[in-house]
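Only the coordinates and a few stated rules stand behind these numbers; no lab work does. Computed from a predicted structure; not experimentally measured. Quick reminder, even Gly has a Cβ in these numbers, built from the backbone with ideal geometry, and neighbours come from all protein chains shown.
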Amino acid sequence: MDEKLLLDNIKNIYRRISHAAMRAGRSPEEVRLIAVTKKVDEKMILKALDIGLRDFGENRIQEAKDKLSNLKSQISDYKVIWHLIGHLQKNKAKTAVEFFELIHSVDSIELAEIIDRNAEKFGKIQNILIQVKLSDEDAKHGISKHNIIGLLSRIANMENLHVLGLMTMPPYFDNPEMARPYFKELREVRDFAIKNGFTLSELSMGMSNDFEVAIEEGATMVRVGTAIFGERGL
Ligand SMILES: *Cc1c(COP(=O)(O)O)cnc(C)c1O
């Protein structure tokens with residue numbers, strides 16, 4: 001993809017983000033665009049940086065580690081924020097803490113404990129989101145909404161973790177309106193947690209196909225890949 005098309009795509013996404021936010025009576029600045037760069041190469045990431053994007057999401061640890069190592073010297077002048085958006089296996093937690101500013105996919109006490117221990121080793125407070133599973137698809141990860149308060153209470157005692165909010169991934173629908181109930185439910189789960197005394201501000205929800213609906217329902221972070229970089233090869 002050439003720089004011109006990439007720029008057009010990014011402008012177009014920002015315009016759609018603004019419109020969706022305004023429809024919901026929200027400020028567009030409340031919504032952070034995370035450019036999902038899985039299967040996108042370093043050259044393209046550099047172009048996106050050049051255009052002005054600073055938040056990037058990766059879903060596989062090894063792929064992210066390789067890219068970040070290759071990019072390191074070229075991007076040290078930029079304040080780049082790397083988001084881990086995919087499922088995290090416990091044995092990869094150390095690398096995740098080393099490379100990512102925000103881990104979106106914490107879904108168990110055991111995983112939280114391992115991240116906490118690794119963050120302590122790195123002398124870092126690790127920012128995390130709790131991934132909530134609101135559908136009954138087997139393939140999706142995430143904690144049940146009924147166990148959220150329990151998980152948040154346990155994490156509150158972990159000194160090296162900072163929970164910023166919640167993340168979810170609804171089933172895929174051709175019609176984005178079908179995803180709306182899931183986004184609304186995540187917002188309600190967050191509000192319930194706030195009522196129970198937890199400070200959670202972020203809602204990471206919405207992808208290329210449905211980010212506008214997610215914003216109307218309160219998303220503060222949208223994770224967009226295909227609509228920026230085009231279809232991913234296999
Ligand atoms: C791939 C991926 C996205 C982006 O998907 P697109 O449809 O390409 O925008 C968002 N979130 C997660 C967790 C992903 O794995």
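Taking Arg187, Arg223, Arg23 as the candidate residues, the one with maximal mean-square fluctuation in a Gaussian network model of the chain, Cα springs under 10 Å, is Arg23. Where only DSSP H runs of four or more residues are counted, the chain gives -13000 deg cm²/dmol as its mean residue ellipticity at 222 nm, each run worth -39500 (n - 2.57).
What you get for the chain, charging only the Cβ of Lys and Arg (+1) and of Asp and Glu (-1), is a dipole of about 300 debye around the Cα centre.
Residues Lys47, Lys39, ranked from the fewest to the most other C-beta atoms within 10 Å, line up as Lys39, Lys47.
Taking other C-beta atoms within 10 angstrom as a stand-in for reagent exposure, Thr37, Thr226 fall in the order Thr226, Thr37, fewest first.
Length gained on full extension, Asp41 to Ser208, computed as 0.36 nm times the residue gap minus the Cα-Cα distance: 58.2 nm.
Spin-label model, Leu7/Asn175: points 7 Å from Cα along the beta carbon direction are separated by 3.9 nm. Taking other C-beta atoms within 10 angstrom as a stand-in for reagent exposure, Ile45, Ile148 fall in the order Ile148, Ile45, fewest first.
Site pair Thr199 and Val80 shows an inter-label distance of 3.0 nm when each label is modelled 7 Å from Cα along Cα→Cβ.
Quick one: among Leu102, Leu68, Leu203, which has the greatest mean-square fluctuation in a GNM of the chain with alpha-carbon springs under 10 angstrom? Maximum fluctuation in the GNM of the chain, among the listed residues, is at Leu68.
Largest GNM mean-square fluctuation among Ile103, Ile130, Ile143, using the chain with Cα springs under 10 Å: Ile143. Specify which residue in the list Asn91, Ile143, Met169 is farthest towards the positive end of the charge dipole of segment 81-234, using unit charges on the beta carbon of Lys, Arg (+1) and Asp, Glu (-1), about the Cα centre. Highest projection toward the positive end goes to Asn91. Look at the alpha carbon pairs under 8 Å that are at least 6 residues apart: their mean separation over the length of segment 1-107 gives a relative contact order of 21 percent.
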